[in-house]
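See structure below.
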Amino acid sequence: MSILVNKDTRVLVSGMTGREGSFHAQQMIEYGTQVVAGVTPGKGGTTHLGVPVFDTVAEAVAATQPNAALVFVPAPFAADAVLECEASEIPFVTLITEGIPINDMLRVVNKLEQGGKTRLLGGNCAGIITPGECKMGIMPGHIFTPGPIGMVSRSGTLTYEIVFELTNAGLGQTTCVGIGGDPLPGTRFVEVLQMFEADPATQAVVMVGEIGGSDEEAGAEYIQQMTKPVVAFISGRTAPPGKRMGHAGAIISGGMGTPESKVRALEAAGVTVADKTSEVPGLIQAALQVRV
Amino acid sequence: MKLHEYQSKDLLARYGVNVPGGRVAHDAADAQAIADEFGGKVVVKAQVLMGGRGKAGGVKLFDNAAAAGAFTQELIGKRLVSIQNPAGMVVEKVLVGELIDIDEEYYLSVLLDRAAAQLVVMISKEGGMDIEEVAEKHPEAIVRLHVDPAWGLSDFEIRAALAQANIPKAARGQMVAMIKSLVSAYLREDADLIEINPCAWTPDGKLIAADAKVSIDENALFRHKEYGDTAEDSAEDPLEAEATRRGIAYVRLGGDIGVIGNGAGLVMCSMDEVTAAGGRPANFLDVGGGAQAERVKSCVELILMDPNVKGLLINIFGGITRCDEVAKGILSALDELNVQIPVVARIEGTASEEGRALLQGTRIVPAQTMQEAAQKIVSLAYA
């Protein structure tokens with residue numbers, strides 16, 4: 001089992017003929033992901049990487065019945081690309097694009113919430129992978145391996161770092177979800193934690209947060225009701241307030257979003273918070289043993 | 001990206017917000033001429049994007065135009081230094097503004113409530129002081145009003161919030177209009193913060209934005225080309241300004257161990273590791289995804305412009321970034337820039353074996369893990 005994506009996921013790639021889209025679509029196909037359609041306005045009727053390309057999402061949906069979409073469209077047009085997927089009622093959309101205006105995301109997030117038919121993951125995220133079944137994103141597939149650990153993270157490369165250590169320690173993953181580093185993500189920690197709690201194959205969860213916002217605190221509140229153990233890691237413990245650390249969402253402002261607040265909330269919820277990434281596999285092993 | 005006060009006021013005036021009269025001046029003659037229009041009763045404010053500008057001597061009140069001109073003469077070209085910005089910033093222009101009589105000072109702001117995924121208007125009768133101080137001492141004095149993303153704000157909601165904030169009845173009508181202007185300015189101009197503090201109520205019954213701070217969402221600058229030059233002004237540090245010119249995500253932190261990594265989370269984590277090993281990170285620097293050798297070299301060059309840097313830590317986990325490209329960039333930087341300080345590189349992920357092979361036999365010290373890399377650079381740099 002897994003969450004959100006599996007071997008039956010049929011992926012539409014919006015912006016597939018661009019440089020980024022081409023490269024990653026190719027990597028996904030090589031990983032074994034079913035990429036069924038590409039969408040690039042003006043390139044309909046052509047074939048790219050052996051996949052049919054359409055002018056619009058509606059045409060692609062009618063012809064190929066995708067049940068997920070991956071968006072690589074440049075930031076100025078990314079919000080529109082997500083809404084186009086929503087208009088065709090694609091149930092799951094992952095938005096990789098970085099640098100999307102916050103007001104665009106404000107519109108998109110609220111529109112999707114009202115419509116209730118599409119779940120958005122991202123933007124500014126590395127995507128999602130169910131090892132051995134479906135890679136829908138930009139992560140290096142070879143470091144992941146199937147197993148019982150669910151992972152949810154705001155950071156792409158920090159996910160790779162920790163997954164690499166988990167895999168080396170013999171701890172495979174059910175699904176790894178990148179929720180992204182933007183201030184208004186389509187999916188938040190709480191929602192992914194709920195899915196892992198409900199997934200029978202997931203035995204423990206690794207949660208990787210960072211400074212900024214209060215989503216880790218909201219996640220901690222939900223964790224109090226979870227039956228599965230959670231190990232967390234928070235990056236940016238030495239970042240100064242008022243400075244944006246690369247990710248648009250990684251900023252301590254007005255006393256909000258401090259690492260202390262997050263660690264405190266998580267520990268109060270019974271979460272073991274690792275001081276270093278290298279401690280994560282050991283803490284997960286200990287948590288699994290306690291459970292058995 | 002913060003705008004200058006004069007830019008903020010000009011922007012708000014376009015949306016119908018009352019602002020004090022005044023203009024920006026680049027020299028004494030300019031300043032004196034503007035001051036004359038207001039009978040010499042003006043405030044001269046240095047237009048530098050740094051905190052603590054008043055305490056640094058960048059703001060002064062006058063009752064005659066000649067003195068305002070002389071102060072401007074003195075300010076232009078001067079470096080202002082504050083606690084918030086010890087490196088300081090050079091004044092290039094001043095705002096010469098009309099002095100207004102004030103009966104009461106209120107507070108208004110519009111910003112994003114991330115948790116609610118809605119805009120929120122913050123209203124307080126306690127203006128003129130730092131809002132964080134108000135939040136701490138009198139949290140009940142701040143009223144928060146969320147903006148419905150589909151419908152915007154209705155007048156009755158704003159009136160209710162103003163009553164709750166104890167804004168005097170006489171001022172409420174104008175404040176309803178001002179709040180609606182602020183929300184439309186926020187959305188149409190792609191702001192990420194608008195703050196009016198103080199929002200002045202004058203003896204003749206006018207509500208005026210006596211000071212204004214507007215910050216524009218950097219991700220939306222492609223829609224607002226008019227701010228092209230402000231981006232560099234708004235960097236509080238000359239190295240951060242240089243990073244903006246090079247398109248590199250860089251924040252100066254004041255320590256002495258340079259840090260380069262890929263991906264914001266991994267870079268922050270590398271800084272944390274340096275600190276845990278007893279070092280002081282000099283900076284945050286994210287090379288970005290898929291960096292080529294040329295870009296890596298530019299990043300190394302930027303870090304070396306900081307004279308305090310005694311050692312460099314490079315931590316790459318290659319996904320879309322190829323480790324061999326990173327290695328080539330590091331080597332060409334070392335070669336061309338005559339780097340003398342110790343460099344520790346930990347490279348893992350895509351093409352890491354090729355990358356490590358390229359670095360073998362050079363003066364770059366290899367490390368297997370992030371922790372090991374942090375410990376090595378700290379002991380080498382402080383040796």
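Throughout, read-outs are computed from the coordinates displayed, never taken from laboratory work. Source: prediction; values computed, not measured. Here Cβ is always computed from backbone atoms with ideal geometry, including for glycine, and neighbour counts include all displayed protein chains.
Quick rundown of the values:
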| read-out | value |
| --- | --- |
| Whole-number D in µm² s⁻¹ for chain B, Kirkwood Cα-pair radius fed into Stokes-Einstein, 37 °C, 0.692 mPa s | 139 µm²/s |
| Relative contact order (%) - region B:104-228, alpha-carbon pairs under 8 angstrom, separation at least six | 27 percent |
| Three-way shape call for region A:114-271 based on the alpha-carbon gyration tensor, with the a/c threshold at 1.5 | rounded |
| Dipole of region B:213-345 [Lys/Arg +1, Asp/Glu -1 at C-beta], most positive-end residue of B:271, B:288, B:321 | B:321 |
| q = 0.05, 0.10 Å⁻¹, the protein assembly as shown: log10 I(q)/I(0) [Debye, one scatterer per Cα] | -0.26, -1.00 |
| In degrees, nearest ten, helix B:5-14 long axis to first principal axis of chain B (Cα) | 60 degrees |
| Estimated 222 nm signal from helices in chain B, with DSSP H stretches of n ≥ 4 weighted -39500 (n - 2.57), rounded to 500 | -11000 deg cm²/dmol |
| Projected-area mean, chain A, by convex hull of Cα positions, square nanometres | 14.1 nm² |
| Calculated from backbone phi, Karplus (6.51, -1.76, 1.60) coupling profile of region A:63-70 in Hz, x at Gly/Pro | 8, 10, 6, x, 10, 7, 9, 10 |
| In range of the label at residue A:67: residues from region A:1-26 whose backbone nitrogen is under 11 Å from the point 7 Å along Cα→Cβ | A:4-11 |
| Per residue, the convex hull volume that the Cα atoms of region B:237-381 enclose (Å³) | 88 Å³ |
| Pairwise FRET efficiency - residue B:222 versus residue B:245, Cβ, R0 = 25 Å, nearest 0.05 | 0.90 |
| Modelled FRET efficiency - R0 41 Å, residue A:214 with residue B:382, Cβ distances, 0.05 increments | 0.65 |
| Positive-end residue of B:70, A:226, A:40, charge dipole of the protein assembly as shown with Cβ unit charges | A:226 |
| Computed helical MRE - 222 nm, chain A, DSSP H runs ≥ 4 contributing -39500 (n - 2.57), nearest 500 | -10500 deg cm²/dmol |
| Simple spin-label estimate for residue B:41 and residue A:1 in nanometres, 7 Å along Cα-Cβ | 7.5 nm |
| Pairwise FRET efficiency - residue B:332 versus residue A:275, Cβ, R0 = 30 Å, nearest 0.05 | 0.25 |
| Gain in span if fully extended, residue B:83 to residue B:340, counting 0.36 nm per residue against the direct Cα distance | 89.3 nm |
| Charge dipole magnitude, Cβ of K and R +1, D and E -1 - region B:237-381, Cα centre, debye nearest 20 | 120 debye |
| Nearest-20 debye value, the protein assembly as shown charge dipole, Cβ charges on Lys, Arg, Asp, Glu | 540 debye |
| Long-range amide H partners of residue B:249 with built H, under 5 Å | B:286 |
| With Cα atoms, 0 to 90° folded angle of helix A:280-291 axis to chain A main axis | 70 degrees |
| Peptide ranges B:321-327, B:111-117, A:121-127 listed from the most packed, as the mean C-beta count within 10 angstrom indicates | A:121-127, B:321-327, B:111-117 |
| Phi to ³J(HN,Hα) by Karplus 6.51 cos²θ - 1.76 cosθ + 1.60 over region B:97-106, Hz, x for Gly, Pro | x, 4, 7, 10, 7, 10, 8, 9, 10, 10 |
| On Cα atoms only, tilt of B:28-37 relative to the major axis of chain B in degrees | 30 degrees |
| Simple Cβ-charge dipole of chain A, Lys/Arg +1 and Asp/Glu -1, about Cα centre, in debye nearest 20 | 180 debye |
| Neighbour net charge for residue B:23 - beta-carbon separation under 11 angstrom, K R +1, D E -1 | -2 |
| Centre separation in Å (Cα based) which lies between region A:6-59 and region B:79-114 | 50 Å |
| Distance from region B:232-288 to region B:1-74 (C-alpha centre basis), Å | 34 Å |
| Ranked packing of A:277-285, B:153-161, most packed first, by mean Cβ within 10 Å | A:277-285, B:153-161 |
| Residue-span extension gain [residue B:61 to residue B:113] - 0.36 nm each, minus C-alpha spacing | 15.1 nm |
| Peptides A:236-249, A:17-30 ordered by average Cβ neighbours within 10 Å, highest first | A:236-249, A:17-30 |
| For region B:73-82, 3J(HN,Hα) per residue [Karplus equation, 6.51 cos²θ - 1.76 cosθ + 1.60, θ = phi - 60°, Hz, x = Gly/Pro] | 3, 5, 6, 4, x, 7, 8, 8, 10, 9 |
| Lysine pair number, Cα distance threshold 22 Å (strictly under), region B:104-228, separation 8 or more or different chains | 10 |
| Listed residues A:138, A:114, A:149: farthest to the positive end of the dipole of region A:100-149 (Cβ charges) | A:114 |
